[in-house]
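Before any comments, here is the structure.
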Amino acid sequence: MSASSPSRPATSEPYSPDNLLDRVSRRSTLERQYAHMMARERALTQRRLGVQRGDVLSVGAGWHPGRHIFPSPEFRITAVDSDPAKVAGIRQTNAADAALVGVAGQLALPPASFDVVLYRLVLHHIAFQGPLTPCFTEAARLLRPGGALVAIEPGAWHPVGLGLALANRVGIAPAIHGTPDDVPLSPRRLLVEAHAAGLWPAELHAVTYTWRRLAPALQTALAPLDELGSRSRAAPFGHTLLLIARRTP
Ligand SMILES: C[S@@+](CC[C@H](N)C(=O)[O-])C[C@H]1O[C@@H](n2cnc3c(N)ncnc32)[C@H](O)[C@@H]1O
């Protein structure tokens, strides 16, 4: 169990669909970018992770525990979420092999029991609740030697991340995009947390430089930039970052 207690409830804040960006965004445009991101995440992990099979812990699994990255039967996914409704949904749809209610950083699971710990689009909510350090130290504890933490999160150094941080600071984020708890994460912070937890070496990639709210033609025009996402100078500026941080064998 983590000694630290979050300063806010350990779950995502309520989302208000009546917000500016959702009023002007088409579902089909968002879906297009989601599909592109999932393909990029799959390609990056297949190329760089070096774990071909095993046990995955997906923390903050929501409705999508990461099957697009970790296919069955090679990977057995245990989904954890602090929201019991999400866990019930995962159980109903068999989206994961097991599902548990639990809070990141406070999971009563045995040490060295997973080959991958996945945080996909959850650390940036947890950053609103309290420190990230318990999530990284927990991942280090739960990983087997040779395993890796994979984190996929919005980056703070992309123009959209900068805008989001500004909206958070001046208190208009719920009116702009429906929630106050999307905190873009600095690439440096992700690497520092991984290093401090002993998850090293670590590497960073940009999943994408495009944004789901952009017009489809603009998304298509910008998509080739994503091929630069693994270059060390370009990676930190991604809209969405992918961190791989290893527990040494
Ligand atoms: C944006 S969703 C991401 C879901 C999924 N990982 C995905 O990629 O689609 C964030 C999820 O994290 C969960 N969550 C938020 N804070 C959490 C915490 N402290 N511990 C565990 N789960 C948390 C929420 O309930 C929500 O299901």
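Derivation of every value follows stated rules applied to the coordinates shown; laboratory data play no part. Since we're looking at a predicted model, the values are computed, not measured. In this analysis, Cβ positions are derived from the backbone assuming ideal geometry, glycine residues included, and neighbour counts consider all displayed protein chains.
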Practice item. Evaluate Rg over Rh across the stretch 20-246, taking Cα atoms for both radii and Kirkwood's formula for Rh. Key: 0.94
Review point. For the stretch 20-246, what relative contact order do you get, as a whole percent, if you take Cα pairs closer than 8 Å and at least 6 residues apart?
Key: 20
Review point. What net charge do the residues around Trp157 carry, taking every other residue with its C-beta under 11 Å from that of Trp157, with Lys and Arg at +1 and Asp and Glu at -1?
Key: +2
Exercise for review: Have a look at the DSSP beta bridges in the stretch 20-246 and tell me what percent are antiparallel, nearest 5.
Suggested key: 40
Check your understanding: For the stretch 115-249, what does the alpha-carbon gyration tensor say about shape, rounded, prolate or oblate, given a ≥ b ≥ c as the root eigenvalues, a/c under 1.5 as rounded, and a/b over b/c as prolate?
Key -> oblate
Review point. In terms of the Cα gyration tensor, with a ≥ b ≥ c the square roots of its eigenvalues, is the stretch 149-220 rounded because a/c is under 1.5, prolate because a/b exceeds b/c, or oblate?
Key: oblate
